[in-house]
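Have a look at the structure below, then the notes.
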Amino acid sequence: MAKIKKGDTVVILSGKDKGREGQVVKSLPKDGKVVVSGVNMISRHTKPSQADPEGGVKRREAPIHVSNVAIKDPKTGKAARVGFEVRDGKKVRVLKGSGEVLNG
């Protein structure tokens, strides 16, 4: 089970986008990275092709290492660490500070 999943709201802890928030669009567990919407934007120069006749400079999100993001606590609005507990026979994600159970 992953500590950060698709759909989680996260806070960026380091880098050029430090302090910004966004939702996880994609999780890449093999690489230990996540893609966050609107954060870590890169420009990619593309040649015109049949699929994209315009070509030009395209902007998109690049993956960020999972150690540089933390889940946003819904109560406090700050970054929180995540742990695991077994409740009612199911393994669930729990916020360390508040003890709140995360959905999923």
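Nothing in this text is a laboratory measurement; each read-out follows from the coordinates by a stated rule. Remember, predicted model here, so these are calculated numbers, not experimental data. Here the Cβ is made from the backbone with ideal geometry for all residues, glycine too, and neighbour counts use every protein chain on show.
Some observations on this one:
- Within the stretch 31-59, residues that are over 22 Å from Asp8 (Cα atoms) sit with their Cβ atoms under 9 Å from residues that are in a strand (DSSP E or B) and among the aliphatic types (A, V, I, L, M), at 6+ positions apart or across chains, in these pairs: Ser43/Val57; Arg44/Val57; His45/Val57; Thr46/Val57; Arg59/Met41; Arg59/Ile42.
- Scanning the stretch 83-92 for residues that are of a type outside the set (D, E, K, R) and either loosely packed, with under 10 Cβ neighbours inside 10 Å or free of Cβ contacts under 8 Å to residues at least 24 places away in the same chain (or both) returns Gly83, Val86, Gly89, Val92.
A quick yes/no check of all residues on (1) surrounded by 11 or more Cβ atoms within 10 Å (Cβ to Cβ); (2) closer than 29 Å to Val92 by Cα; (3) over 9 Å from the mean Cα position of the chain (by Cα):
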| site | (1), (2), (3) |
| --- | --- |
| Gly32 | yes, yes, yes |
| Gly38 | yes, yes, yes |
| Glu54 | no, no, yes |
| Lys58 | yes, no, yes |
| Val66 | yes, yes, no |
| Lys72 | yes, yes, yes |
| Arg81 | yes, yes, yes |
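- Lys3 being in contact (Cβ under 8 Å) with a residue 40 or more places away in the chain and within 20 Å of Glu100 (Cβ to Cβ): yes
- Residues of the stretch 86-99 that are charged (D, E, K, R) and either under 14 Å from the mean Cα position of the chain (by Cα) or closer than 21 Å to Ser27 by Cβ (or both): Lys90, Lys91, Arg93, Lys96.
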